[in-house]
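The values are calculated or read from the model by the stated rules, or taken from the named source; none is laboratory data. Note that this is a predicted model, so its numbers are computed, not measured. Here the Cβ positions follow ideal geometry from the backbone for every residue, glycine too, while neighbour counts run over all protein chains shown. Please note that ligands, DNA and RNA were not included when accessible areas were found on the heavy atoms of the full protein model with its side chains. Shrake-Rupley method; radii C 1.70, N 1.55, O 1.52, S 1.80 Å.
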Amino acid sequence: MLPKSKIQRINQLAKKAKREGLTKKEKEEQAQLRQEYIQSFRSAFRANLMGIKVIDPTGRDVTPGKLKKAQKLYKKEH
């Protein structure tokens, strides 16, 4: 996850953009911060997804094969 300071900066720039607009330098900074945020979110989401196991009411593992395969690859990478 991104540091709190970067998230606060993203919010500051968004508010300023609505109020008065951003300079070219600020727009570049905003784009960079947003890209970092998206990468961080995707990484965290993928890590959560790779830990999912689907169990039916009878207790059987019914995790889709595609997810199991992706989980094996993810474990090899990490």
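Principal-axis analysis of the Cα atoms of the chain puts helix 24-49 at an angle of about 10° to the longest axis. The gain in end-to-end length when the Ser40 to Ala70 segment is fully stretched comes to 8.9 nm, 0.36 nm per residue minus the alpha carbon separation.
Values [x] 1.02; [y] 1.74; [z] 1.25 are given for comparison; Rg/Rh (Cα atoms, Kirkwood Rh), derived from the coordinates here, is the one labelled [z]. Residue separation of Asp56 and Lys25 scaled by 0.36 nm, minus their Cα-Cα distance, works out to 5.9 nm of gained length.
Protein-only accessible surface at a 1.4 angstrom probe places the residues Thr63, Thr58, Thr23 in the order Thr58, Thr23, Thr63, largest first. Annotation: Leu73 carries an accessible surface of approximately 100 Å², with a 1.4 Å probe and no ligand, DNA or RNA atoms counted.
Heavy-atom surface analysis with a 1.4 Å probe gives the chain a carbon and sulfur content of 55 percent of its accessible area. For the chain, a simple Cβ point-charge model (Lys and Arg +1, Asp and Glu -1, everything else neutral) yields a dipole of about 60 debye relative to the Cα centre. Using a probe of 1.4 angstrom and keeping all protein chains present, the accessible surface of the chain works out to 85 square angstrom per residue.
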